1. Answer yes or no: is there a residue in the stretch B:47-64 that is within 14 Å of chain A (Cβ to nearest Cβ), closer than 26 Å to residue A:71 by Cα and under 58 Å from the mean Cα position of the chain (by Cα).
2. With A:167, A:152 as the choices, which residue is more than 24 Å from the chain's Cα centre (by Cα), not in a strand (DSSP E or B) and not β-branched (Val, Ile, Thr)?
3. How many residues, within the stretch B:1-18, are more than 7 Å from every other protein chain (Cβ to nearest Cβ) and surrounded by 13 or more Cβ atoms within 10 Å (Cβ to Cβ)?
4. So, in the stretch A:59-81, of the ones that are assigned to a helix (DSSP H, G or I) and over 30 Å from residue A:246 (Cα atoms), which residue ends up farthest from the other protein chains (Cβ to nearest Cβ)?
5. Taking the condition within 14 Å of another protein chain (Cβ to nearest Cβ) and closer than 30 Å to residue A:71 by Cβ, does residue B:39 pass?
6. Among (1) under 30 Å from residue A:112 (Cβ atoms); (2) assigned to a helix (DSSP H, G or I); (3) out of contact with any Leu (no Cβ under 9 Å at 6 or more places or on another chain); (4) at pLDDT below 90, there is one condition residue A:205 misses while meeting the rest; what is its number?
7. Only one of A:18, A:101 is under 17 Å from the mean Cα position of the chain (by Cα), surrounded by 13 or more Cβ atoms within 10 Å (Cβ to Cβ) and at pLDDT below 85. Can you tell me which?
8. Here is a list of conditions, (1) in contact with a Phe, Trp or Tyr (Cβ under 8 Å, 6 or more places away or on another chain); (2) at the interface with chain B (Cβ under 10 Å from one of its Cβ atoms); (3) at pLDDT below 90, and residue A:114 meets all of them except one; can you say which number that is?
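The values are calculated or read from the model by the stated rules, or taken from the named source; none is laboratory data. These numbers come from a predicted model, not from an experiment. A quick note on method: Cβ atoms are made from the backbone with ideal geometry, for glycine too, and the neighbour counts reach across all protein chains shown.
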Amino acid sequence: MDFLEIIGFKGLHISLAAEPLFHLGPITITNTIFTAWIVMALLAIASFFATRNMQLVPSGLQNFAESIVGMLYDIVEGVVGERARIVFPILATFFIYIVVANWMGLLPGFNSIGVWEHDAEGHELFIPIFRAANSDLNMTIGMALIAFILIHSAGVIVHKPWGYLKHLAGPLPILILINVAIEAFVPVSLSVRLFGNIFAGEVLLLVMRVPLIGAAFMVLEVLFGLIQALIFTMLSLIFLGLAMSGEHEHEEAHS
Amino acid sequence: MGELGINPTYLAFQIINFLLLVLLLHWLLYRPVLRMLDQRKERIRAGQEAAERARTEAEEMREQYERQLEESRAHARKIMDDAAAAAERLREEGVASAQQEAQRILDRGREELRAEIEHARRELRQEVAVLSVSVAGKLIQESLDTEKNRELAASIISDLEENS
C-alpha cells in the first residue's frame, strides 16, 4: 500500500506497517521495534543516573525524576487510592514511554535516514531506519492489551470474579452485554487513537516539508505527542478506577 | 491485517518489550524515587513533630519560669514590706522613747523647780515669821521667851499659810 502516491506524492513512500530492518535469529526486527529499544535504553540510562545517588535534598536529574514520578503517582493515587503502588508502574510507564517515543519520532533522521530496497515486484522501496515507535499498530495494540488485562484483572481481584460480573452487569443484568461491548472497545479505541495520531503526524510532517510551515507543524506535533500520552494514560487510569470502584458498597452488601 | 501491519509475532514482541521496560523503570526509577519521596515525607513529618514538641516544651518552660519569677517577685515584695514595717516600728519606738525621755526630763525639771520654790517659800516664811516676831517684839516691847516666840511664830506661819 503506497499511501502517499494515492494522495499525489509520487516517489515518497510511507507504509502503515512497520518495515523490517534485520533479523535476530528467528525474530525479524522492524524499525519501530528498533526505535522502541532506543527509547527503552535512553529511559533506563536516564533513570539509572537520576536514582544512582539519591539525596534527601534533590537536585538536577533526581529532582526532575522525582517531580515526574511524584506528579504521576499523585494522579494515580487520586483515582485508585491505596492500591496505587501495584498499578502505578504500568500506568506511569505508559505515560513516560509514549511521550518520549512520540517526541523522539520528531527528531531529524526519523523517516529520513534509511536504505533503498526492492520489493518482490521490483519496485524501489525506501526503508527508514528510525520510525516513531507508536506509528506501529503492534506497539499500540500491545500497550492497549496490557491496559485491558490490567483493568479487568484489577476488577476481578477487587470484586472477586462473581462480584466483578455483577459489577459489569450494573443495575440491570441485560446491560452486561452493552458493558462488555464497551469494555471490549476500550483497547481498540486506545490503540487506534494513539497509532492514528502519531502515524498521521508522521505523514503530515513528511508532506509539509516546507520551511517555517513545517516548523509550525512540528510545534503542533510536540503538543500532540504529549496530549496522546496523557490521553492514553488517563483513559487507562479512569477505566481502571471504574473497574475497581464500588468496592465498599459491595463489601457492605455482603456484611 | 497484513496491510495494517498487525503481526502476532511483532505484537507479542512489543508486549514483552513494554513489560520489560515496566520492570526496568520499576527497578531504576519508580521504586527508588517513591521510596525517597516517602522517606522525605516521613522526615518532614518527624521534623514537624519534633518542632511541635520543642515548642510545647519551651512554652511549658516559659510558664514555669514566669511562675517562678512571679513567686520571687512576691517574695521580694514581702521582704521589702517587712523591712519597711520594721523600720517604721523602730522609728516610732525611737520617737516615743525620745518623747518619754523629754517628758521625763521636763517633769524632773518641773519637780525640782517646784521643790526649789517650795523651799524658798518655806525659808521666806521663816524669815518673815522671825522678822515679824522681832518686829512685833520691838513694837510691843515685851520680851517673850523662846518658847512663846516659837509658838507665836508658828501661829503667824499658820496664819500666813491660811491667808496665802
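1. So the first thing to find is which residues in the stretch B:47-64 are within 14 Å of chain A (Cβ to nearest Cβ), and the list is B:47.
Restricting the remaining residues to those that are closer than 26 Å to residue A:71 by Cα gives B:47.
Next, from what is left, pick out any that are under 58 Å from the mean Cα position of the chain (by Cα): B:47.
Yes - at least one qualifying residue is present in the stretch B:47-64.
2. Values: A:152 fails: more than 24 Å from the chain's Cα centre (by Cα).
Exactly one residue qualifies, and that residue is A:167.
3. Here the count works out to 1.
4. Filtering the stretch A:59-81 down to residues assigned to a helix (DSSP H, G or I) leaves A:60-81.
Adding the requirement that they be over 30 Å from residue A:246 (Cα atoms) leaves A:60-67.
Details: A:60: 14, A:61: 11, A:62: 8, A:63: 11, A:64: 10, A:65: 6, A:66: 5, A:67: 10 Å.
Here the answer is A:60.
5. Values: within 14 Å of another protein chain (Cβ to nearest Cβ): yes; closer than 30 Å to residue A:71 by Cβ: yes.
So residue B:39 passes the test.
6. Condition (3) is where residue A:205 drops out.
7. On the way: A:101 fails: at pLDDT below 85.
When all the criteria are applied, what remains is A:18.
8. It is condition (2) that residue A:114 fails.
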